[in-house]
Amino acid sequence: MSDRPVVTRIAPSPTGSMHIGTARTALFNWLYARHTGGKFLLRVEDTDRERSTEAAVQVIFEGLKWLGLEADEPPVFQATRAERHREVAHEMLATGGAYRDYMTPEELEAEREVARAEGRVVRSPWRDADPATWPADRPFAVRLKSPLDGETLVDDQVKGLIRFQNQNLDDLIVLRSDGTPTYNLAVVVDDHDMGITHVIRGDDHVNNTARQTLIYKALGWEAPVFAHLPLIYGPDGLKLSKRHGAQAVGEFEEMGYLPEAMRNYLAKLGWGHGDDEIFSDEQAAAWFDIKDVVSAPARLDWAKLNHLNNHYIRQAEPARLTALIAGIHETRGRQIDAAARVVLERTIPLVRDGAKTLPELADATVFVLEARPLTLPEKALGLLTDETRARLSRLRDGLGAEADWTVAALDARIRAFAEQEGVGLGKFGPALRSCLAGGSPAPDLAGALVSLGREESLSRLDDALSPAN
Ligand code: GLU
């Protein structure tokens with residue numbers, strides 16, 4: 001196996017949302033493929049025809065695209081491969097790896113009860129029937145002829161050696177009597193045909209792995225390397241659910257997390273590189289090895305995710321953030337035209353340090369979008385005493401003469417003005433900020449002035465100082 005180029009895959013079932021655990025599984029498969037110079041493939045497990053709507057499939061494509069984890073080849077749709085699955089089931093019949101089971105539903109129910117009473121798994125009386133005696137005209141299921149004793153071993157790359165007692169594994173149905181393939185058969189045939197070398201998936205599939213290992217054996221196919229990832233739990237250690245704030249990829253996107261923050265965060269759920277908290281995709285790919293994944297369950301930690309998201313918001317191109325927060329402002333009912341975009345882009349670097357999410361970044365930019373004249377809150381009007389008005393009006397003249405409309409120059413000018421007036425910044429700073437931003441949060445004075453631009457700043461100041469207020 002090791003001398004074949006690595007081929008990994010993500011094999012989601014379209015259910016209408018993409019669980020964050022699936023995203024993490026996709027990421028680990030993607031990282032491992034990148035690490036080894038191999039390929040990362042996508043298989044849509046759409047055999048549940050009721051749930052697998054076009055929309056549900058789109059959710060997966062969009063989720064992977066948003067996360068930046070696109071597959072290296074076009075997707076494989078499992079449902080289109082049923083004929084191939086049937087063919088393999090018949091091959092198993094021909095080679096003796098499987099048998100025809102003619103038990104009727106009533107007979108099966110009766111056997112179930114006896115098996116339960118005897119504390120053993122279900123066994124079909126047809127298991128050892130001579131194929132020459134198989135009726136030609138009755139419906140049958142195809143069952144895997146599993147070993148009755150001994151052990152099935154899975155050398156899991158994360159969990160270590162897992163042993164399954166064969167006596168506890170019944171003869172799995174691979175083809176139902178209506179001719180439809182079962183899940184485990186479809187997965188094995190598809191993984192084999194897609195050339196998958198490493199199956200990296202959630203812990204919840206461990207029991208399927210025992211089954212699938214037996215199918216590989218019956219077919220004489222080499223099984224892939226298996227690695228089962230610990231599940232992701234909520235911060236309280238309970239199964240991740242709505243209650244914990246979010247569980248679907250789309251919810252994290254809506255809450256304003258950046259995909260690169262999600263990748264960095266998810267990489268650390270079950271894997272890590274020393275104490276490194278922040279790393280690029282390239283670093284993660286260079287460092288990632290499936291053997292380093294830990295088997296302890298991972299817990300979602302909002303504080304860590306927020307910390308990373310803040311980091312990536314501070315790193316991101318302002319133009320990209322502008323497009324993202326313009327969308328947020330628009331869903332909140334504001335029109336964002338080209339001029340507003342220019343102002344937003346200028347404002348973002350001045351206000352983003354404290355933003356943990358995109359909506360928080362949008363909140364921090366609201367002040368530049370307010371239309372003149374601003375409605376000043378009661379508190380602001382209270383600050384505008386005659387003395388302060390006179391002072392702000394002197395400051396306004398100074399600002400009007402400022403040729404260098406930058407944070408450094410404006411900051412120096414405001415400080416020099418305070419000194420010249422013989423007062424602290426506290427004497428007029430809050431009032432100035434209110435004149436510029438109304439009741440909305442705004443950055444430091446010079447930052448607010450630069451965000452708004454000269455003309456808008458001076459006009460807002462004039463509005464506030466007009467006798468009408
Ligand atoms: N379709 C399965 C799921 O969504 C994954 C199967 C696999 O990875 O083998 O959980």
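Every number in this text was worked out from the coordinates using simple rules, so none of it is lab data. Since the model is a prediction, treat every value here as computed from it, not as a measurement. Here the Cβ positions follow ideal geometry from the backbone for every residue, glycine too, while neighbour counts run over all protein chains shown.
From the P(r) of the range 322-368, can you give the percent of Cα pairs sitting at distances over 11 Å?
Distances greater than 11 Å cover 61 percent of the Cα pairs.
Between the helical axis of 105-118 and the dominant principal axis of the chain, each derived from Cα atoms, what acute angle in degrees is found, rounded to the nearest 10?
90
Rounded to the nearest 0.05, what FRET efficiency do residue 411 and residue 291 give with R0 = 45 Å and r taken as the Cβ-Cβ distance? Could you check?
The computed FRET efficiency comes out at 0.25.
Which three extents, in whole angstrom, do the alpha-carbon atoms of the range 27-99 cover along their principal axes, largest first?
45, 35, 17
What do you get when you divide the Cα radius of gyration of the range 425-469 by 2.2 N^0.38 Å, with N the number of residues? Let's see the in-between values first.
Values: Rg = 10.0 Å, N = 45, 2.2 N^0.38 = 9.3 Å.
The range 425-469 yields a ratio of 1.07.
How much FRET efficiency would the formula 1/(1 + (r/R0)^6) give for residue 106 and residue 251, where r is the Cβ-Cβ distance and R0 is 51 Å, rounded to 0.05? Before the final figure, lay out each step's value.
Details: r = 46 Å, r/R0 = 0.91.
It comes to 0.65.
Please compute one quarter of the surface area of the Cα convex hull for the range 191-312 and express it in square nanometres. Write out the running numbers ahead of the final one.
On the way: hull surface 35.9 nm².
Spelled out: convex hull of the Cα atoms, projected over all directions, averaged, 9.0 nm².
With θ set to phi - 60° and the Karplus curve 6.51 cos²θ - 1.76 cosθ + 1.60, what are the ³J(HN,Hα) couplings of the range 139-151 in order, to the nearest whole Hz, using x for Gly and Pro?
x, 8, 9, 9, 10, 5, 8, 7, x, 7, 9, x, 10
Please state the shape class of the range 91-241: rounded when a/c is under 1.5, otherwise prolate if a/b exceeds b/c and oblate if not, all from the C-alpha gyration tensor.
Prolate is the answer for the range 91-241, as a/c is 1.5 or above and a/b outweighs b/c.
Run the numbers for residue 91 and residue 193: contour at 0.36 nm per residue of separation, minus the present Cα-Cα distance, in nm.
35.2 nm
With charges set only on the Cβ (+1 for Lys and Arg, -1 for Asp and Glu), what does the dipole of the range 147-260 come to about its Cα centre, in debye to the nearest 20?
In total the dipole reaches around 260 debye.
Can you work out the Karplus-derived ³J(HN,Hα) for every residue in the range 123-128? Use 6.51 cos²θ - 1.76 cosθ + 1.60 with θ = phi - 60°, whole Hz, and x for glycine or proline.
Per-residue couplings from phi come out as 10, 8, x, 7, 3, 9 Hz.
Using the Cα centre of the chain as the reference point, and only Cβ charges (+1 on K/R, -1 on D/E), how large is the resulting charge dipole? Debye, rounded to the nearest 20.
Computed charge dipole of the chain: roughly 740 debye.
At R0 = 41 Å, how high is the FRET efficiency between residue 222 and residue 280 if r is their beta carbon distance? Nearest 0.05 is fine.
0.70
Using the basic label-point model (7 angstrom from Cα toward the beta carbon), what is the residue 314 to residue 337 distance in nanometres?
Placing both labels 7 Å along Cα→Cβ, they lie 3.6 nm apart.
So what are the ³J(HN,Hα) numbers for the range 383-392, from phi and the Karplus equation (6.51, -1.76, 1.60; θ = phi - 60°), rounded to whole Hz, Gly and Pro as x?
Couplings: 6, 7, 6, 4, 4, 5, 4, 5, 5, 5 Hz.
Below 22 Å, Cα to Cα, which lysines can residue 291 reach? Residues fewer than 8 away in the same chain don't count.
Output for residue 291: 39, 159, 268.
For the range 260-322, just list the percent of Cα-Cα distances falling in each 5 Å bin from zero outward, please.
4, 16, 27, 23, 17, 7, 4, 2, 0
At 222 nm, what value in deg cm²/dmol follows for the chain if DSSP H runs of at least 4 each add -39500 (n - 2.57) and the sum is divided by all its residues, to the nearest 500?
-15000 deg cm²/dmol
At q = 0.11 Å⁻¹, work out log10 I(q)/I(0) for the chain with the Debye formula, treating every Cα as an identical point scatterer and leaving solvent out; two decimals please.
-0.94
For the range 1-142, what is Rg from Cα atoms divided by 2.2 N^0.38 Å, rounded to two decimals?
Ratio of Cα Rg to 2.2 N^0.38 Å: 1.44.
Could you give log10 I(q)/I(0) at q = 0.12, 0.13, 0.17 Å⁻¹ for the range 365-469, computed by the Debye formula over C-alpha point scatterers of equal weight, without solvent?
One equal scatterer on each Cα of the range 365-469 leads to -0.33, -0.40, -0.70.
Could you tell me the relative contact order of the chain? Use alpha-carbon pairs under 8 Å, at least six residues apart, and round to a whole percent.
13
Percent relative contact order of the range 98-223, based on C-alpha pairs within less than 8 angstrom and at least six residues apart?
Reported relative contact order: 23 percent.
Using mean Cβ contacts within 10 Å as the protection proxy, how do 309-316, 275-282, 187-194 order, highest first?
187-194, 309-316, 275-282
Arranged from highest to lowest average of other beta-carbon atoms within 10 Å per residue, in what order do the peptides 361-373, 332-344, 130-142 appear?
361-373, 332-344, 130-142
Can you tell me the orientation of helix 82-95 relative to the chain, as the angle in degrees between its alpha-carbon axis and the longest Cα principal axis, to the nearest 10?
Approximately 30 degrees, to the nearest ten.
Could you state the angle between the C-alpha long axis of helix 206-219 and the longest principal axis of the C-alpha atoms of the chain, as a value from 0 to 90 degrees rounded to the nearest 10?
Tilt of helix 206-219: around 50 degrees.
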